[in-house]
Amino acid sequence: MIAQSDFPLKLVKDSKCQLGEGPLWDTRRNCLYWVDILNHALHMHDPADPHRDRVLQAEPYISSVVPRHSGGLAVTLKDGYYALDPDSGKLTQLAAVATSSDRIRFNDGKCDPRGRYFAGTMSMSNESRQGSLYRLDPSLSIESILQGVSISNGLAWSSDGNTLYYIDTPERSVFAFDYDLSSGLPSNRRVAIRIPNEQGYPDGMTIDTEGMLWIAHWGGGQVTRWNPETGTQLLRVQLPVSQVTSCTFGGPKLSTLYITTARTGLSEKELQKQPLAGGLFALETRHAGTPAMAFLG
Ligand code: ZN
């Protein structure tokens, strides 16, 4: 039996996201950002003053958000990387990717320890291996790092920066790579964690200060904590909804685990049983995350 977390899970926001994703704690503004990819929206939540919560339109298909070192935010939209001013909502393209099909869109993304913005793509019509993982450097040059990805998802780096963890959802695995911090290139791919079939699919993830991975289970109704060195599951957080998409640590001590969820893929009947699907949840933990890296470009 895997230990269940003994802290209560809270509903932070009944945001009814079609596809809530990409939570990010901004240590400069002490607020949480997350996206609703299918509603083309960026959500902002300030725990100190929820009256200031906002939703910004960011079309088409905003899929990830990171702080930008020079101010504001950087995001991925369907076809590339953009700068976003969270106060005005203004979007400015930083770099575009050329794809063979317009049924490809960006998905999850995050910065490496040197402030390079990694984000991957996926087919919008469920075709396998049409996606890639990209890296946007501070110089704004863009490089395709991995090809033949199906649904590019969670990214996390070990605290020394020498290991990259990466999820391609249909593979039901978390891969580990040796990561070369100076070149920004992964190598030596191996399976670190296998998600059992009855637990759904791995989606987004985050890493804590002890180097353990927290993984959201799409179709599995839970977040789990794992040791990627041994591939063992350490902890389970049960949610009242099945489409659990991603998680990140936030709050003043970075000890609050924020969890995003979705409504897409659920029937009317399932939605009646899961009225909070698409909401933002949170739970206090005995662990802590590390501050999100900003994009240095
Ligand atoms: Zn995802």
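At-a-glance table
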quantity	calculated
In region 188-211, residue nearest to the ligand (Cβ to nearest atom) [restricted to those that are over 16 Å from the mean Cα position of the chain (by Cα) and hydrophobic (A, V, I, L, M, F, W, C)]	195
Only listed residue being surrounded by 13 or more Cβ atoms within 10 Å (Cβ to Cβ), hydroxyl-bearing (Ser, Thr, Tyr) and at pLDDT below 95, chosen from 121, 99	99
Matching residues, region 16-38, being under 12 Å from residue 261 (Cα atoms), within 16 Å of the ligand (Cβ to nearest atom) and of a type outside the set (Asp, Glu)	17, 18, 19, 20, 22, 23, 34, 35, 37
Per-region count, region 143-165, residues of a type in the set (Ser, Thr, Tyr) and either within 16 Å of the ligand (Cβ to nearest atom) or buried (at least 19 other Cβ atoms within 10 Å of the Cβ) (or both)	4
Residue match in region 177-185 (condition: polar (S, T, N, Q), at pLDDT 95 or above and either over 18 Å from the mean Cα position of the chain (by Cα) or not in a strand (DSSP E or B) (or both))	yes
Verdict on residue 245 being modelled with pLDDT of 95 or more, surrounded by 14 or more Cβ atoms within 10 Å (Cβ to Cβ), assigned to a loop (DSSP other than H, G, I, E, B) and β-branched (Val, Ile, Thr)	no
Residue pairs meeting the criteria (Cβ under 8 Å; at least 6 apart or on separate chains; first farther than 17 Å from residue 111 by Cα and in a loop (DSSP other than H, G, I, E, B), in region 194-223; second modelled with pLDDT of 95 or more and among the aromatic types (Phe, Trp, Tyr))	195/201; 200/218; 212/226; 219/201; 220/201
Test: residue in region 262-274 that is surrounded by fewer than 23 Cβ atoms within 10 Å (Cβ to Cβ), in a strand (DSSP E or B) and touching a helix residue (DSSP H, G or I) at 6+ places or on another chain (Cβ under 9 Å)	no
Considering residues of region 131-142 that are of a type outside the set (A, V, I, L, M, F, W, C), away from the ligand (no atom under 16 Å from the Cβ) and surrounded by 13 or more Cβ atoms within 10 Å (Cβ to Cβ) only, the residue farthest from residue 170 (Cα to Cα)	138
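The values are calculated or read from the model by the stated rules, or taken from the named source; none is laboratory data. Since the structure is predicted, the reported quantities are computational estimates derived from the model, not experimental observations. Glycine gets a Cβ as well: all are built from the backbone with ideal geometry, and neighbour counts include every protein chain shown.
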